[in-house]
Amino acid sequence: MDLDQSLAVIQALEREQVRYVVVGAVALNLHGLARMTRDLDVFLDPSADNVERLKRALRSVFDDPAIDEISAADLQGEYPAIAYVPPSGDFSIDLLARLGEVFRYEDIESQVLEHGALRVRVATPSMLYRMKKDTVRLQDKADAERLRERFGLGESQ
């Protein structure tokens, strides 16, 4: 994954004042736990005004008319996730408003981290741990264990 591209997207989200939280492997990296990934996972407030700010942010990074197809209705619907794949590169952005009935945007505990001059809203280590520890995916279980060890998290987190 192109880290510069992820950072450009995050910078655009910040500039457009999108209500978002970075989760997944990029969040792990921002917390100092190196992990390769091919996508940027972002939880979003699915309100119409926030989705319009998201689209402005994406348009400022990518020249892609497909961005216009992203809708608040989709993010508020039965399957509240959109995988946006920019026209070039080996990179995608997973836009999430909810994961099943377990996690919604408003449930994601977050903090602001600084990456150079860039401020990034990212899920807390304990939130990432809770999101990953009970999944069936082996990579998520390994991520949860690394989070537990690095940040001294327990099962009750």
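Quick rundown of the values:
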item: Residues of the range 68-97 that turn out to be modelled with pLDDT of 95 or more, among the charged types (D, E, K, R) and in contact with an Asp or Glu (Cβ under 9 Å, 6 or more places away or on another chain), as a count; result: 1
item: So Leu96, is it of a type in the set (A, V, I, L, M, F, W, C) and surrounded by 19 or more Cβ atoms within 10 Å (Cβ to Cβ); result: yes
item: Number of the condition not met by Asn50 [criteria: (1) of a type outside the set (A, V, I, L, M, F, W, C); (2) more than 15 Å from Arg119 (Cα to Cα); (3) in a loop (DSSP other than H, G, I, E, B); (4) at pLDDT 95 or above]; result: (3)
item: The range 58-72, residues that are within 19 Å of Pro46 (Cβ to Cβ) and in contact with a Pro (Cβ under 6 Å, 6 or more places away or on another chain); result: Ala72
item: Residue in the range 55-66 that is touching a residue at least 12 places away in the same chain (Cβ under 8 Å) and closer than 17 Å to Arg35 by Cβ present; result: no
item: Number of positions in the range 21-37 that are farther than 12 Å from Val122 by Cβ and small (Gly, Ala, Ser); result: 1
item: Pair list, Cβ under 6 Å, 6 or more apart: the range 126-141 residue without any contact (Cβ under 8 Å) to a residue 24 or more places away in the chain, other residue assigned to a helix (DSSP H, G or I) and surrounded by fewer than 21 Cβ atoms within 10 Å (Cβ to Cβ); result: Lys132/Asp140; Lys132/Ala144; Lys133/Ala144
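Matching residues to (1) in a helix (DSSP H, G or I); (2) over 14 Å from the mean Cα position of the chain (by Cα):
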| residue | (1), (2) |
| --- | --- |
| Val18 | no, no |
| Arg35 | no, yes |
| Pro46 | no, no |
| Leu54 | yes, no |
| Asp63 | no, yes |
| Asp94 | no, no |
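The values are calculated or read from the model by the stated rules, or taken from the named source; none is laboratory data. Keep in mind that what you see is a predicted model, and the values were worked out from it rather than measured. Note that each Cβ is placed from the backbone with ideal geometry, even for glycine, and that neighbours are counted across all protein chains shown.
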